[in-house]
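Written below as structure tokens is the structure these notes are about.
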Amino acid sequence: MELKLYNTLTREKEVFTPISETVRIYSCGPTVYSFAHIGNFRSYVFMDTLRRVLKYNGYKLKHVMNITDVGHLESDADEGEDKIAKAARKENKDPYEIAKYYTDVFLRDMKRLNIDEPEIICKATDHIQEMIKFVSDIVNNGYGYETSKGIYFDISKLDKYPVLSDRKVDEQIAGARVEVDTEKRNPEDFALWIKAPEKHLMKWDSPWGLCYPGWHIECSAMSNKYLGEEFDIHTGGIDHIPTHHENEIAQNKGRCGKIPARFWMHCNFLQIDGGKMSKSLGNIYTIDDLKQKGIDPLAYKLFCFTSHYRNKLNFTFEGAISSNTSLIRLKEGYKKHLEGKDIVDSKVIDDFEEKFHIAINDDLNMPSAMSIVWDVVRFPKKSKNLANLLLKFDEVLGLKIDEEFGEKIEIPEEIQKLIEERKIARENKNFELSDKIRDIIREKGYIIKDAKEGIQIEKA
Ligand code: AMP
Ligand code: ZN
């Protein structure tokens, strides 16, 4: 079946065919200076769905996601301080420590959302030599030049700039409140490689002295290293279109004359209560914040499927709580089919399967795919074959529909022993001892709840 994907480059839904047998994808990953919020994770849920849809269509993948641990300045253009360096200074820690901590938390949250990990996850700071080579190639080809601040890309050398976004260069400049850098040949020229001031925390020796990379060169160098000069799909959030991805294209053209990816796919923003998420409004939430309000990370994933990835999605706690209930219903629906004894015509199954496949192949139309999923769940006859069909759909959804609701937690042996001792105490009606053991368990970081179905354990 034909797979159609929307390409920001051509502004059209196009039939997708890979350049070679394995589909090569590059996704811009997180800048690890702080906790990733649920808006960021909307973009990674989209990335996950793309992976899963490609796999459902039988493709093998080579997917690269970077971790930006240096060089992302406060504005996406060349203004402000390095985000990681700033966090390091504020928290009085080593920048590598900051990056490692937030990378670990990010990868843990990816797991909680059951986001399929890309085949390669690579850090910018591990690719400094590749970046220096990339910048040198651009300079040698006549597309880059040196100023007192760093190495800049000369956009006037390109046949066309911008190509991805609608922005008009002159309008952008007229509207910008950025101080004019008189050393730049064109106001829109951007930094490839930045000369580090003396007190700068992260810097590397290079042909132009002690420097640090511009954010855009990281992705160009890493995508080129792992995927080559031309690959299939490049993903990111819509905020990457006008600057970061535009400049990645410019850099690749300056180095080898090619636009690096054939398809450029972008996820629209998650809004909160109809507006922007921002620290000053205090409305930035993490996966942990949702968990504290009883919202399962996978329910948030299901919430993301209520809107097409190219549309804005408005987050409300009511909406997320309702997705929590939906996730429970979905799992119950799967179980009912699994235990069902009815016979369902194979034509009915094929029909559902075809409709689901059409929906996901229509530029990952998840709201439409979910309506087919619910039709299967609510199908009046209950059959194991429909349960198997739901499991097949779950290869795309990644909602773990065959597992109990709630996160599975690893319970250490020590706690398991205490739970057993408490059970015996309760059986002997020694409630004083059982309460005491519960308090010890709590002190060790686990909460025990006695429910009808047996005891439930949560992390404190
Ligand atoms: P950053 O760590 O800032 O580089 O962002 C990581 C990813 O999250 C990028 O792909 C951004 O485009 C994306 N992103 C940032 N804010 C939002 C949001 N509110 N909704 C969806 N995606 C977002
Ligand atoms: Zn990037």
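Every number here is computed from the coordinates shown, using simple stated rules; none is lab data. These numbers come from a predicted model, not from an experiment. Cβ atoms come from the backbone with ideal geometry, glycine included; neighbour counts cover every protein chain shown.
According to the Cα-based calculation, Rg over Rh for segment 272-397 is 1.05, with Rh computed by the Kirkwood formula. By how many degrees, 0 to 90 and rounded to 10, does the Cα axis of helix 38-56 deviate from the longest principal axis of the chain? Relative to the chain, helix 38-56 is tipped by roughly 80 degrees. Measuring nothing but alpha carbons in segment 193-232 and taking Rh as the Kirkwood radius, the Rg to Rh ratio lands at 1.12.
The GluC sites (Glu not before Pro) of segment 170-270 that meet both conditions, a loop assignment by DSSP and at most 16 other Cβ atoms within 10 Å of the site Cβ, are GLU179, GLU183, GLU198, GLU229, GLU230.
Note on segment 183-251: Kirkwood hydrodynamic radius from all Cα pairs is 13.7 Å, rounded to one decimal.
The ranking of PHE46, PHE431 from fewest to most other beta carbons within 10 Å of each one's beta carbon is PHE431, PHE46.
Against the chain, whose longest principal axis is taken from its Cα atoms, helix 317-339 shows a tilt of about 50°.
Please work out whether the chain counts as rounded, prolate or oblate from its C-alpha gyration tensor, where a ≥ b ≥ c are the square roots of the eigenvalues and a/c under 1.5 means rounded, while otherwise a/b larger than b/c means prolate and anything else oblate?
oblate
With the convex hull drawn over the C-alpha atoms of segment 19-267, the volume per residue is 125 Å³. Note on GLU339 and VAL15: the extension gain reaches 112.7 nm, defined as 0.36 nm multiplied by sequence separation minus the Cα-Cα distance. Rounded to the nearest 5, the antiparallel percentage of DSSP beta bridges internal to segment 19-267 is 40%. For segment 413-459, the percent of C-alpha pairs falling in each 5 Å distance bin, counted from 0 to the bin holding the largest distance, reads 5, 23, 35, 28, 9, 0. Computed from point charges on the beta carbon alone (+1 for Lys and Arg, -1 for Asp and Glu), the dipole magnitude for the chain about its Cα centre is near 920 Debye. By other beta-carbon atoms within 10 Å, ranking CYS122, CYS219 with the fewest at the front produces CYS122, CYS219. Selection among ALA250, THR103, ILE411 by position relative to the dipole of the chain gives ILE411 as farthest towards the positive end (Cβ unit charges, Cα centre). The charge dipole of segment 413-459, taken about its Cα centre with unit charges on the Cβ of Lys, Arg, Asp and Glu (plus for the first two, minus for the last two), comes to roughly 120 debye. Using only Cα atoms, find the angle between the long axis of helix 95-112 and the longest principal axis of the chain, and express it within 0 to 90 degrees, rounded to the nearest 10. That helix lies at roughly 40 degrees to the long axis.
Binning the alpha carbon pair distances of segment 372-437 at 5 angstrom intervals from zero yields the distribution 4, 14, 15, 12, 9, 7, 7, 10, 14, 8, 0, expressed in whole percent.
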